[in-house]
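Single-structure report; data block below.
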Amino acid sequence: MLVYISRMKDNQGKQSFLDSVDWMEVTRQLGELLPDQAFFIKDRQGRFMMQNRRLEENCRITREKDPSGLTDDDFWSKERVRMYLEGDRQVMQTGMPIVNEIAPAPEDAGSSNMILYSKFPIKDKNGAVIGIGGFYKLLADKESSASSLGNLYKAIQKMQQDYGENLTTKELARLCNISASQLERNFRKVLGYSPHEYLLRVRVRSACRELEQTNWTIARIAQECGFYDHSHFSRTFTKLTGVTPSAYRRRHGGKTQAMQY
């Protein structure tokens, strides 16, 4: 009985402490302390609601100017904005985070720099997704020219462009002029998963887009996105998004034009 009462008091004390915390200030401080990481929070309209100093530097924003209410359109080319908003939309529609992806850096269109980024849904107290948070690290020029990242980029670009093809790790390794085992090691070192696992993520993201924007059958979408086995597609899609392809279409199909971007 005494142990139970003690634990109950501890839980009450913990809850009382957490209720008293200024979470906005905590979030702001954590964002500023992320080493070499740009941090941001956006609302459903894609407007910046919070950001750290690193992101402001990347956007060439002075401390005297508050970027709140501005969007990616105010800083970057249409091509790069389209890529960034596609990821934002995926996170908000599925409620699932994007972890350790590589994309072109938010810089001028001619830049060849890349970023390693993650995004996650921001929810209100009722569990509704009201925006996204994210952070990214700029992969510096010297790192980009190193064999590991340079070869990764070639493989990633191939997978993003030709995800519907029957791509193998050996084929991607030949494209990068390294062995399959080297490509596997480099992928796991930078992204935390294998080339095949990354390819599945690219395919599922493309399938999400087709489920939203087309009336194609799920079987056709599976084939167009590189899945030659319908059951494999359904299992992979469900594992990465948390819902079946049919459930995703019922929830999000036909909503693309209604997004508030």
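What distance in nm separates the simple spin-label points at ASP162 and ARG250, each placed 7 Å from Cα in the Cβ direction?
3.8 nm
Any chance you could give the angle, 0 to 90 degrees and rounded to 10, that helix 23-33 forms with the longest Cα principal axis of the chain?
For helix 23-33, the angle is close to 50 degrees.
Counting other Cβ atoms within 10 Å, which chymotrypsin sites (Phe, Trp or Tyr not before Pro) in segment 218-249 have at most 10 and lie in a DSSP loop?
Answer in residue order: TYR228.
Going 7 Å from the Cα of LYS239 toward and past its Cβ, which residues in segment 163-199 have a backbone nitrogen under 14 Å from where you end up?
Once the point is set 7 Å along Cα→Cβ of LYS239, 193-199 turn out to lie under 14 Å by backbone N, inside segment 163-199.
For GLY131, list long-range residues whose amide hydrogen, built 1.01 Å from N in the peptide plane, is under 5 Å from its own amide hydrogen.
Residues meeting the criterion, in which the H sits 1.01 Å from N, are ILE122.
Report the relative contact order of the chain, percent, no decimals, based on alpha-carbon pairs under 8 angstrom and at least 6 residues apart.
Across the chain, relative contact order equals 13 percent.
Using alpha carbons only, how many degrees (0 to 90, rounded to 10) separate the axis of helix 230-241 from the longest principal axis of the chain?
Computed tilt is about 30 degrees.
Give the angle, between 0 and 90 degrees and rounded to the nearest 10, that separates the Cα long axis of helix 78-94 from the longest principal axis of the Cα atoms of the chain.
Tilt relative to the chain: about 60 degrees.
Here, each number is a calculation from the coordinates, and none is a lab measurement. Fair warning: this is a prediction, and the values are worked out from it, not measured in the lab. Cβ sites come from the backbone with ideal geometry, for glycine too, and all protein chains shown count toward neighbours.
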